[in-house]
Structures are given as structure tokens and as C-alpha cells.
Amino acid sequence: MNQLSPFFLAALLLLVCACSPKAVKMPADSLALRSPDTRLELKFAVVNGVPTYTLDRDGKAILLPSRLGFELIDRENLTEGFSLVGSAFDSFDETWEPVWGEEAQIRNHYNELLVNLKKESGEAMDIRFRLYDDGLGFRYEFPMENKLTYFKIREELTEFAMAGDHTAWWISGDYDTQEYSYTKSRLSEIRGLNTDTRPYNASQHYISPGAVQTALQLKTADGLYLNLHEAAVLDYPATHLELQEGTLTFRTSLTPDAQGVKGRLQAPCKTPWRTVMVCESATDVLASRLILNLNDPCAIEDVSWIHPTKYMGVWWEMISGKSHWSYTSDFPSVQLGVTDYAHAKPHGHHGANNDNVRRYLDFAAANGFDALLIEGWNIGWEDWYGCQKDFVFDFLTPYPDFDLPGLNAYAHSKGMRLIMHHETSSSTVNYERWMEQAYSLMNQYGYDAVKSGYVGDIIPYGEYHYSQPIINHYHYAVVEAARHHIMVNAHEAVRPTGLCRTWPNMIGNESAMGNEFRANVPPGHTATLPFTRLQGGPMDFTPGIFEQDMAITAPGQTGKMRHTICNQLGLYVTFYSPLQMAADLPENYARFMDAFQFIKDVAVDWDKSLYLAAEPGEYIVTARHPKYATLNSGRLSGHSSVYDFVYKDGRPHDVWYVGGVTGEEAREFDVKLDFLQPGVQYEAMIYADAPDADYETNPQAYTITKRTVDSSTVLNLRMARSGGFAISLRSL
Ligand code: NOJ
Ligand code: CA
């Protein structure tokens, strides 16, 4: 605060006196930029040498004067003393086609303002603003002609001075994890509620009471939905938003590296985009493509090997405690190349054994899945957790009871692929050591997807999950994987910022609290994530857990998950991901095969998505239309159950899916089917919470109704508490 310029103090005073955000004005000579629909207005000015911006919508303040700049290490700060030496306006309008996504075509339409700033001492800094109808993106650029060439950031000082005490859905700022549940509060309440919860996660670094993570969803008293995030985070640390004490102003707070440096830059270079989405409705937030649009176009020339995937996994049985990733209890410590597994005594609970994998493959193939994930296939799991071990896995050597060539051959004979698992235990050093051999092994046996993981504190020691060098590691893994035609689904990596547009082999990421947190996942969490975590890209939430009682899934375990079966079905439509798991055990699905049918039928790639109703944390209702080009491209493994559903009797049908989820409250919805082709009759299969369903008392009660409907039909559906529904619609 002691850095505030006279302009800011005057502005603050004006604000306090007038009690109205409108009272604060940018100087008359500021540069103004309007969105294509002219409703959003950005103003930029250099006020007493300080770069400053505001954002209005229809003349109402969204962001009050907010400063821009950097504190640098061992050199002059980029905070004041600037002159505006040039500016340029531009506009852009194109429609592009994602390799996979929520719709077949995305419009990228914005007006742009580039300002060139210079200090007398010779430092040059440009700021590029792009204004869309649904929000703002801006980034700093450091041109080649500059007194700055190599420089280190102490802190980025970008501010977002919010114009009101908005409602926020937030998780604590943390340098290592986003695996938290959300708190809904006023901005002014955050500092009082945001406490350090350590120890809670295998790797966790709480920042401060003011710090929260992005994407941050906000709602104004007037009912506008704002969303703060960032796009295209590459070679730069991830940012958090730190609410400045006694204000409603957020300031960026970057993740430091092991030496406390918050970014090492070399001109010419650019930062990630800072984004401010402004929408009239919650459904518009879900429909926004702001983050994707701010990323670069696809960098992969041949994308024919990238395919949406529905998969099962030898996974939940380990997460639930029914079986183990490890093979033996013989070794308190494992050393790669030394420990003799061939003579070890199996403890008898190893999940990834040949018979069990074949059992899953039989079930998944019979039900039309594309792939099977297998965790715990490789040596080292006896000694991987909590010890920050560098030489932890080799990603090459299978356990004695896992026949890698044989199981792949078996999977391929059934038209399926195996998904490789690389738990790095957060030794990025070790993963890079083995990566080329590990990806080559995958190529040798025909694996085309890897789930990687970063559990525990990072090695190199002292680095954080979201620091610049580690962000570069995640990116390196994706680029190397693309070279090997491998799709990547990274868990515990930095939350995505739309990079999947450029690298569509990033078909998944976890980077938030998923179903694996079992009873800790609160009602409303899945109605929040599409507004927050999913703004940056798809999530491997691992939906589809039908058995809530952990003691039934894994005898001896305790705890009950807090959702109904229909809530889990709804997620296949309300969550967008080209990689969707049916996460429960085959034996649990076998008890509910009629409900499981929806998971078989539902598609994972779309040409159209309609967001019918939504409120963060409360409910989401979404309708989606599959992308026929994907179904016909052979990019799914032919026998896929989705293809069978859409091409029933060998001819294409018009197909839609509708899904709904609720939070803590039960709700009724009228779903108007007016998006169906007029005059065409459809068979609707409606999977709904039974009238007496409830996540706590009766989570497995559902009804399945078959009806003939058309575009004039309105379906009245009741969702239980933490419930939902799912509907498949197929033209007759
Ligand atoms: C954490 C991941 O999120 C989970 O899915 C995985 O099974 C474990 N790590 C082990 O790698
Ligand atoms: Ca995880």
C-alpha cells in the first residue's frame, strides 16, 4: 500500500466519499478500448508514471483503477516512471475448430489495444489488451529493444480492484495443490475464513489469509458473473490472487522457485494472459471460450492419433483400499536395479495382477470402452510415498505378476488400449531421466495415453508444483509425449490455462479435488468445478462411483461418498472432458447395469453444447450433441458403445444427451426439449433420482423411464440433494 501513487490515494478517497464505484474516473486522456458489442470498455492510462487500467460494462465499473507492473530483483522496478511512447489498435475475428471440445467451432472475436511503455532509464514494457464480448485478457510483453534482457521478478503487481464486495467461490492459495473444497463467501470475509489446513495433502504450501486460487468465480450484487483466471501459462509461474488487507483489491502473487524468484525472464518474452470474464448469467460463464481463445492455435500438425477416450481402470480398488499398488511387504526400502523382486513373496493384494487386469479388460470390452488404466504395474510402490525419494520409479520394469506384452496383446485383441501410468512421486528430475525410454516402451507396446502423477513434494528440492521450472517440466512432458504420439492426463500438475488448444494431446488433468477424495467431496463441489477448475481445460474427475459406502467396496474401510447414483450420471454431461472414466469397480456396476447403460451410451466429444441452467455450487443442467465426425473418424476404437448407440441398426440417428447435478438442495427442473429437430420423434431414456432418493439416506434409488418425446416436450425432473439426472435422446 505504501507504493500507492497520489492518483490512487485520490481515487480511493473519492470512492470512500461518494460510496459509489462510479465516482472513480480515469483521466480524460486515457486510451479506451471497447468490446465488439461495445458493452465492455477498457481504459488505460499512465497516471503519474504508473500504468493503470479500469474495466466497465455498460458504464458500470467492473474494475476500479488498478495498477500494472512488476517488482524486480536487484534492478529498478517496473512500477512507476513510465511514459506512454506508442499505442496501436487492432481487431480480429476468426472461427476455429478444436481437435476435440464442447463445440465443433469456436469464434475468436476481439478488439485489441497494444500500449508501449518506456522508462527514462531505458526499460521497455508493452501491454496487450484483448477485449471480447465476454471479458478481458491482457499480458505484458518485453520487446527485444530494451534495457531489460535478463531479469528476475520479485513480484508481479497486477491489480484487480473489484468494484463491490462480491460473492466468491474460492479455495486457499497454495503453491502445491488445488485439492481443496470450495468456500462461498463475500470478498470481505475471505481473510477471516482462509486458514492454513496443513497437514492435509501430501504436498501443500499455504500462502496467506488473503491468497486464493484461480479460476476464481465471483457474483456481483447486480447478478453479473465475473471470473478471474489466467491463460497460456508457459515458462512463467502460476499466479494466485492476494486480497490486499482492508480492501477489495486482488493483486497477483506468483509462485516462487526454490530461490524465491518469481519468474526468470529473457526479452523478448511475454507473460501469461490475465483474464477477467464478465457474463450476464452463470450459463454464459460455462459457454465462454475466453481462455481457449487466448491460447495459441494447435501446434501439432498430424492430430489423427489424438482421440477422445472413455475408459475404466484398475484404480478405484486401490484408492478405496481394497487392493494395493505394491506387490510385496518384503521391502521397507526399494533401490532400482538392486532390489530383487523375482524372489520376493507377494503380499497377495496387488491389484495390477494378470488375472485381475484380464477381468477388467473382459468387462470393459464387453461394455464398449476404449481403454483401461492400470496403476501399480511397475516396481517401486513399496517405497514411494512421503520420503522425497529421487530415484523412485523407472517406469519400465513391471512387477513379476504383470505380463506387459501379454496384457497389451490381450487388450488389443479386444479392440482396446491400455493406459500407461507414470506416478513420478514428484521427482520431475527422475521422470525426465527415464522419460524417453518410458515413452518408447509405450510406443513399442501400443500404449497411446499416459496418466502421470505428482504426489508429494517436488524434487528438485525446494521447488513447488506451480513454480516456473516445474511448469516447464509439465510442458516438456506434453511436448515429448506429442513427439511419441502419446496423450497425457497429468494429476497434481498445475491447473490448466487453456494450453490444450495448442497441445490437444493434453486430454486430461486433475488439478482439483476429484472423486478420489471420497467422503471429503462435499455436495455442490461438482456444481462449482465447471466455473472454476474446468475454465482452463478438461478434468479427469473420475466420475461414475455408484457405491457410496466404502465398506461395501473395500471391506474394513469406512466413510460414505456424498452423492446419488444419478448425480454421477449427470456428470458425464455437465463436466466436459474428452477423457471420461467409469471409475467404479466392475462388480459394483454389475449390480446396476441398467443405470450403467447411460455411461456406455454417452459420448465424450461434442459439436454443440447448450447450458440450460446453472448457478455455481447449486446446480448445472447441460445438453450436448455428439460430434459425428469423431465417431466416424475411426479415432474411437470401432467397437465403442457410443458408436453402437448413435448408429443403432446401422444407420445414423440424431442424438442428444442432457445431464443435471445439484448441490445441497433438492430441486425440480423443467427441461424443455426445444433444441431437438422439429417434427422428429425421439426415444428418451430418463435416468432420475427416485422420489425418495437422497445422498445421505437413499443414494442408490433411481428410476429409468423410456418415453417418446419431440421438440415440444417439457420434462419435469426432480433432483435429490446432491443428486442429478441423465437423459439420452435418440431419433426414432
Ligand atoms: C494421485 C492421483 O490423483 C491418483 O489418481 C493416483 O491413483 C495416485 N496419485 C497414485 O498415483
Ligand atoms: Ca490427486
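The values are calculated or read from the model by the stated rules, or taken from the named source; none is laboratory data. The structure presented is a predicted model; accordingly, all values stated were derived computationally and were not measured. Quick reminder, even Gly has a Cβ in these numbers, built from the backbone with ideal geometry, and neighbours come from all protein chains shown. Note: accessible area is taken over every heavy atom of the protein model, side chains too, but ligands, DNA and RNA are not part of it. Shrake-Rupley method; radii C 1.70, N 1.55, O 1.52, S 1.80 Å.
Data table
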read-out: Near pairs, Cβ below 9 angstrom, 6+ apart or cross-chain, from the stretch 243-255 (not assigned by TED's automatic domain parsing to the domain that holds LEU63) to any residue that is in a loop (DSSP other than H, G, I, E, B) and open to solvent by 40 Å² or more (accessible area, probe 1.4 Å); value: none
read-out: Tally, over the stretch 1-56, of residues that are under 30 Å from GLY122 (Cα atoms) and at pLDDT 95 or above; value: 17
read-out: Residue count, the stretch 117-170 (criterion: open to solvent by 10 Å² or more (accessible area, probe 1.4 Å), assigned to a loop (DSSP other than H, G, I, E, B) and not acidic (Asp, Glu)); value: 11
read-out: Count of residues meeting criterion [more than 16 Å from ligand 1 (Cβ to nearest atom), of a type in the set (Asp, Glu), out of contact with any Pro (no Cβ under 9 Å at 6 or more places or on another chain) and in contact (Cβ under 8 Å) with a residue 60 or more places away in the chain] in the stretch 438-493; value: 1
read-out: Count of the stretch 452-475 residues which are in a loop (DSSP other than H, G, I, E, B), over 15 Å from THR239 (Cα atoms) and within 16 Å of ligand 2 (Cβ to nearest atom); value: 5
read-out: Given (1) within 23 Å of VAL338 (Cβ to Cβ); (2) within 16 Å of ligand 2 (Cβ to nearest atom), number of the condition LEU441 does not satisfy; value: (2)
read-out: Tally of residues being in a helix (DSSP H, G or I) and either touching a His at 6+ places or on another chain (Cβ under 7 Å) or of a type in the set (A, V, I, L, M) (or both) across the stretch 335-391; value: 5
read-out: Leading residue by the ranking (farthest from ligand 1 (Cβ to nearest atom)) among those in the stretch 171-184 that are out of contact with any Ser or Thr (no Cβ under 7 Å at 6 or more places or on another chain) and either open to solvent by 30 Å² or more (accessible area, probe 1.4 Å) or among the basic types (Lys, Arg) (or both); value: THR183
read-out: Whichever residue in the stretch 297-315 is buried (at least 24 other Cβ atoms within 10 Å of the Cβ) and of a type in the set (Ser, Thr, Tyr) and, among such residues, is nearest to the chain's Cα centre (by Cα); value: THR309
read-out: Qualifying residue in the stretch 475-486 (condition: of a type in the set (Lys, Arg) and open to solvent by 30 Å² or more (accessible area, probe 1.4 Å)); value: yes
read-out: VAL661 touching a helix residue (DSSP H, G or I) at 6+ places or on another chain (Cβ under 7 Å), open to solvent by less than 80 Å² (accessible area, probe 1.4 Å), part of a strand (DSSP E or B) and more than 14 Å from LEU715 (Cβ to Cβ); value: yes
read-out: Filter result (touching a helix residue (DSSP H, G or I) at 6+ places or on another chain (Cβ under 8 Å) and of a type in the set (S, T, N, Q)) within the stretch 378-432; value: ASN408, THR424, THR428
read-out: Any hit, the stretch 697-706, residues being crowded, with 18+ Cβ neighbours inside 10 Å, charged (D, E, K, R) and assigned to a strand (DSSP E or B); value: no
read-out: Answer from ALA551, ALA629, ALA595 - the residue that is among the small types (Gly, Ala, Ser), touching a residue at least 60 places away in the same chain (Cβ under 8 Å) and over 18 Å from ILE686 (Cβ atoms); value: ALA629
read-out: Test result for GLY544, over 18 Å from SER722 (Cβ atoms) and either in contact with a Cys (Cβ under 8 Å, 6 or more places away or on another chain) or in the same structural domain as ALA666 (by TED's automatic domain parsing) (or both); value: no
read-out: Candidates PHE138, PHE70, PHE92, PHE160 - the one that is in contact with a His (Cβ under 8 Å, 6 or more places away or on another chain) and at pLDDT 95 or above; value: PHE92
read-out: Which listed residue, of LEU193, LEU187, is among the hydrophobic types (A, V, I, L, M, F, W, C), more than 21 Å from GLY536 (Cβ to Cβ), out of contact with any Phe, Trp or Tyr (no Cβ under 8 Å at 6 or more places or on another chain) and surrounded by 20 or more Cβ atoms within 10 Å (Cβ to Cβ); value: LEU187
read-out: Selected residue (criterion: surrounded by the most Cβ atoms within 10 Å (Cβ to Cβ)) from residues of the stretch 94-115 that are over 23 Å from the mean Cα position of the chain (by Cα) and within 29 Å of SER577 (Cβ to Cβ); value: TYR110
read-out: Selection from the stretch 487-523 of residues that are assigned to a loop (DSSP other than H, G, I, E, B), more than 16 Å from ligand 2 (Cβ to nearest atom) and open to solvent by less than 10 Å² (accessible area, probe 1.4 Å); value: THR497, GLY498, PRO504, ASN505
read-out: Any pair with Cβ under 6 angstrom, 6 or more apart, that starts in the stretch 305-321 at a residue that is closer than 21 Å to PHE517 by Cα and of a type in the set (A, V, I, L, M, F, W, C) and ends at one that is open to solvent by 10 Å² or more (accessible area, probe 1.4 Å) and within 14 Å of ligand 1 (Cβ to nearest atom); value: MET318/TRP325; ILE319/GLU516
read-out: Which numbered condition PRO538 misses (of (1) touching a residue at least 60 places away in the same chain (Cβ under 8 Å); (2) of a type outside the set (Asp, Glu); (3) touching a Cys at 6+ places or on another chain (Cβ under 9 Å)); value: (1)
read-out: Verdict on THR52 being closer than 21 Å to LEU228 by Cβ and either under 29 Å from the mean Cα position of the chain (by Cα) or among the aromatic types (Phe, Trp, Tyr) (or both); value: no
read-out: Residue within the stretch 547-564 that is away from ligand 1 (no atom under 16 Å from the Cβ), in a loop (DSSP other than H, G, I, E, B) and over 29 Å from ALA701 (Cβ atoms) present; value: no
read-out: Hey, VAL478 assigned to a helix (DSSP H, G or I) and either within 16 Å of ligand 2 (Cβ to nearest atom) or not assigned by TED's automatic domain parsing to the domain that holds SER722 (or both) or not; value: yes
read-out: Scope the stretch 418-447; condition among the charged types (D, E, K, R) and surrounded by fewer than 22 Cβ atoms within 10 Å (Cβ to Cβ); matching residues; value: GLU432, ARG433, GLU436
read-out: PRO543 vs. criteria more than 16 Å from ligand 2 (Cβ to nearest atom) and either crowded, with 24+ Cβ neighbours inside 10 Å or outside any loop (DSSP other than H, G, I, E, B) (or both); value: no
read-out: Given (1) more than 23 Å from the chain's Cα centre (by Cα); (2) more than 28 Å from ALA583 (Cα to Cα); (3) not in a loop (DSSP other than H, G, I, E, B), index of the condition MET318 fails; value: (2)
